[in-house]
Amino acid sequence: MDSEQLLRQHGLRVTRQRLAVLAVLDEGGHPTVDEIVRRARERVGSLSTQAVYNVLTALDDVGLARRVEPSGSHARFESRTGDNHHHVVCRDCGAVEDVDCAVGEVPCLEAAQHHGFVIDEAEVTYWGRCPRCQQNPLP
C-alpha cells in the first residue's frame, strides 16, 4: 500500500509534509527529529521543525510511527510498529537497532505484578557497545 493510501486509511489528510516524513521513516533506522527534518527538507524544500513534530505526533497517534526514547538520548522515530519489538542502544555513540521480542509466547507481557493494569505492551531496552565503538574505544 502506498503512503497516500496509508494516510487515508488511518484518517489523515495527505500532505506533502506527511509524505516526506513517511518517506524518511520508510528508509529505516531510528532517526532523530533533526535528522528527519533535514532529510524531509531534501524532498519538499521549506519545512519547519514544528511541522515535523506535528506530523510525527499525528503518525504516532494512529500507529504509523513509533517514538523511541532511550534514557539520556534524543527521541528517535521508526516506522516499525505494532509488533512489540525492542531496542539495543550503544552507550558510546547512541546507535539504535531493533531486537525482536523473545520467540514463542510473549513472555515480556507477563509481568510478575500487574497492579490491576491490563498490559498490552512491554518496552525493553538493551544497552551495550556497538561493533564500531568496540573497535574504536573512547579515550
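Read-outs throughout are calculated quantities, based only on the coordinates presented, and are distinct from any laboratory measurement. Keep in mind that this is a model prediction, so the values were computed, not measured. Because the Cβ atoms are built from the backbone with ideal geometry, glycine has one as well, and the counts that use them run over all protein chains shown.
Tabulated results
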item: Exposure rule at most 15 other beta-carbon atoms within 10 Å, DSSP loop GluC sites (Glu not before Pro): the chain longest free segment; result: 28-104
item: Nearest-20 debye value, the chain charge dipole, Cβ charges on Lys, Arg, Asp, Glu; result: 700 debye
item: Kyte-Doolittle mean at least 0.0 and Cα axial length at least 20 Å: DSSP H helices in the chain; result: none
item: Farthest toward positive dipole pole in the chain [+1 Lys/Arg, -1 Asp/Glu at C-beta], among C90, L56, H10; result: L56
item: Segment D61-M1, extension gain: residue separation times 0.36 nm, minus the distance between their alpha carbons; result: 19.7 nm
item: Sparse-neighbour loop sites [trypsin sites (Lys or Arg not before Pro); region 13-82; at most 14 other C-beta within 10 Å; DSSP]; result: R13, R80
item: Footprinting exposure proxy for D92, D2 (fewest neighbouring C-beta atoms within 10 Å first); result: D2, D92
item: Karplus 3J(HN,Hα) series, Hz, for region 67-78 with 6.51 cos²θ - 1.76 cosθ + 1.60 (x for Gly, Pro); result: 8, 10, 10, x, 3, x, 10, 5, 4, 10, 10, 8
item: ³J(HN,Hα), Karplus 6.51/-1.76/1.60, whole Hz, each residue of region 113-121, x for Gly, Pro; result: 9, 10, 6, x, 6, 9, 7, 10, 7
item: Separation in nanometres of the label points that stand 7 Å from Cα toward Cβ, at C133 and D92; result: 0.8 nm
